[in-house]
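Scroll down for the structure; my scribbles are underneath it.
The values are calculated or read from the model by the stated rules, or taken from the named source; none is laboratory data. On a predicted model such as this, the values are computed, not experimentally measured, just so you know. Ideal geometry is used to build each Cβ from the backbone, glycine not excepted, and the neighbour counts take in all protein chains shown. What goes into the accessible areas is simple: the full protein's heavy atoms, side chains included, and nothing from ligands, DNA or RNA. Shrake-Rupley method; radii C 1.70, N 1.55, O 1.52, S 1.80 Å.
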Amino acid sequence: MNITIVDYKSGNISSVINSFNEVAKDKVKIEVTSDIKKIKSSDKVVLPGQGSFKSCVDGLNNISGLIDSLNEFAINNKKPLLGICVGLQMFADIGYEETETKGLGWISGKVSKIDNQNGKYKLPHIGWNQINIVKESNIFKDIENNSHMYFVHSYEFIPNDKNVISATTDYSSNVVCAVEKENIFGTQFHPEKSDKIGLKIIDNFIKL
Amino acid sequence: MLKNRIIPCLDVKNGRVVKGINFVDLKDAGDPVEQAKIYSDGGADEICFLDITASNENRETIFDVVKKTSKKCFVPLTVGGGVRNVNDISKLLNCGADKVSINTAAVENSKLVEESSIKFGSQCIVVAIDAKKNETGWEIFTHGGRNSTGINALDFAIKMEKCGAGELLVTSMDKDGTQSGYDIDLMKKISSTVNIPVIASGGVGTLDHLVEGLKSGASAVLAASIFHYGTYSLTEAKQYLASKNIPVRI
């Protein structure tokens, strides 16, 4: 099996690479690339994302044919894809960070700023927060409910169909922190920075 | 519920830890990679390296340390010290740092904070503020506390938030090294003024100091000596905080 981590210059992906290599050891081939041929032929794809929604979407658009390849991979061929942080957020139709920006439109919904209740809640939402698993998901296999995961974000994904939500976290309101729609998985938190429990989620994804 | 963070900090000079942990099972007390791993296994919520390498020739050593650490520790890693420009930030992030802390360069050139938070995202830009009390409030210092600036710490904190800093690491120079507790007034003032998280630093000597620091409104507490010298383990610290009803990840 080979897994591709999409490198589209979305900021720092070293930790994502390190954590996948740690879990995969020598059993699974981890490739970091923006080569659309390699993406198309891989078994699984990881879509990381740091920085703003707009800068990440711009990053995808800057690589000719990348979005088409991702569409083919995830939507037509229905192969497993994991979006992390802004990688998940880009599943949405539209995002409102910096300016209104069109997303991939894979999971209908929008990405808007977390309501900080007039300064009652600090933004970014940084640190370890507990996840409330609301739907059985293969990537949460052997993960206990209320486990702590590491978060860093100021924007949240609000999907139209609540059935795609697999976990939420409590920060100002119930923030969506994991989604699953058929072969498409996403986590708002960073499994690659969430210690052993986060590595377990990566392991679950690899074993899907 | 979001938990308060405990961040052990290691001073690294020429690729070696300056103060060591008194652990018997440690093969090499000066190896930052090994020490960071002990911290992350012990429940550190993040790890911080402060590079205090004085000469430019030895600057490369920190990159090697960060590279090795990030392959072993899977909690966020912040690196500060000697970060002057976008290239320094880029290099540290590529080596596996998750956040970079900027001190002197942020004061001299606030554009660096603006540009780097756009380029890399606010989540990885921490501005470190070294502040000292004066008659009217607190003044910030640069170059590891050597140079006075005449700039008011609160004004600077507000400015850095506007420039896009994701967090502020606030160190009281009056308290640093005294083990007499954080400068609570300073932490209260800054964390109630800005809407981004504040990490309290400088002065911790007991577990009650950690409690006071987190009650001041800071989202995280940084500590060096109490963990370096094995006075308390991270587990002890967290259990104590939990017993005082401070939300922590255990």
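Taking a point 7 angstrom from the Cα of A:S173 along the C-beta vector, which residues in the stretch A:109-130 have backbone N less than 18 Å away? Once the point is set 7 Å along Cα→Cβ of A:S173, A:109-125 turn out to lie under 18 Å by backbone N, inside the stretch A:109-130. Computed over protein heavy atoms with a 1.4 Å probe, the accessible surface of the protein assembly as shown works out to 40 Å² per residue. Of all aspartates and glutamates in the structure, those lying under 12 Å Cα to Cα from B:K189, and not within fewer than 8 positions of it along the same chain, are B:D155.
Beyond 30 Å in Cα-Cα separation lie the following of the pairs A:K141/B:K3; A:K200/B:K67; B:K13/B:K91; A:K79/B:K71; A:K110/B:K68: A:K110/B:K68.
Relative contact order for the stretch A:32-174: what is it in percent, counting Cα pairs under 8 Å that are at least 6 residues apart? Walk me through the numbers before you get to the answer.
Values: 237 pairs, mean separation 29.6, N = 143.
Relative contact order here is 21 percent.
Using +1 on the beta carbon of Lys and Arg, -1 on that of Asp and Glu, and nothing else charged, what's the dipole of the stretch B:129-250 about the Cα centre, debye to 20? Intermediate values should be presented prior to the final figure.
On the way: 12 positive and 13 negative charges, 49 e Å.
The calculated dipole for the stretch B:129-250 is roughly 240 debye.
Label chain A by shape, choosing from rounded, prolate and oblate, from the square roots a ≥ b ≥ c of the eigenvalues of the Cα gyration tensor; if a/c is under 1.5 it is rounded, and otherwise prolate applies when a/b is larger than b/c, oblate when it is not. Cα axes put chain A in the oblate bin. Placing unit charges on each Cβ (+1 for Lys and Arg, -1 for Asp and Glu) gives the protein assembly as shown a dipole about its Cα centre, and among A:S112, B:V211, B:I196 the Cα reaching farthest toward its positive end belongs to A:S112. Counting only DSSP beta bridges with both residues in chain B, the antiparallel share comes to about 20 percent.
Considering only B:Q179, B:Y229, B:N152, and ranking their Cα positions along the charge dipole of chain B that arises from unit charges at the beta-carbon of Lys, Arg, Asp and Glu, the one farthest toward the positive end is B:Y229. Remark on A:W128: its backbone amide H falls under 5 Å from those of A:F151, B:K3, a criterion applied only to residues 5 or more positions apart or on other chains, H modelled at 1.01 Å from N.
Note on the protein assembly as shown: with charges restricted to the Cβ of Lys and Arg (+1) and Asp and Glu (-1), its dipole about the Cα centre is near 520 debye.
Among A:V57, A:V175, A:V134, the largest mean-square fluctuation in a Gaussian network model of chain A, built with springs joining Cα atoms closer than 10 Å, belongs to A:V134. Among the protein heavy atoms of the stretch A:118-208, carbon and sulfur supply 44% of the accessible surface, probe 1.4 Å, non-protein parts ignored.
Assign one of three labels to the stretch A:46-87, namely rounded, prolate or oblate, based on the Cα gyration tensor with a ≥ b ≥ c the square roots of its eigenvalues; rounded applies when a/c is under 1.5, prolate when it is not and a/b is larger than b/c, and oblate otherwise.
Details: a/c = 3.22, a/b = 1.37, b/c = 2.36.
Taking the square roots of the gyration eigenvalues as a ≥ b ≥ c, the stretch A:46-87 is oblate.
An oblate overall shape is assigned to the stretch B:177-250, the ratio a/c of its alpha-carbon gyration tensor axes (a ≥ b ≥ c) being 1.5 or greater and a/b not exceeding b/c. When a 1.4 Å probe is rolled over the protein heavy atoms, the share of accessible surface on the stretch B:135-211 that falls to carbon and sulfur comes to 45 percent.
Centre-to-centre, using Cα atoms only, the stretch A:64-99 and the stretch B:55-129 are separated by 29 Å.
For B:D183, the amide hydrogen comes within under 5 Å of the amide hydrogens of B:S172, counting only partners 5 or more places away or on other chains and with H modelled in the peptide plane. In the stretch A:41-188, the DSSP beta bridges split such that about 75 percent are antiparallel, to the nearest 5.
Counting only DSSP beta bridges whose two residues both lie in the protein assembly as shown, roughly 40 percent are antiparallel. A Gaussian network model of chain A, with springs between Cα atoms under 10 Å, assigns the largest mean-square fluctuation among A:K79, A:K27, A:K181 to A:K27.
Computed from phi, the 3J(HN,Hα) profile of the stretch B:29-38 under the Karplus parametrisation 6.51, -1.76, 1.60 (θ = phi - 60°) reads 5, x, 8, x, 5, 5, 5, 4, 5, 4 Hz, with x in place of Gly and Pro.
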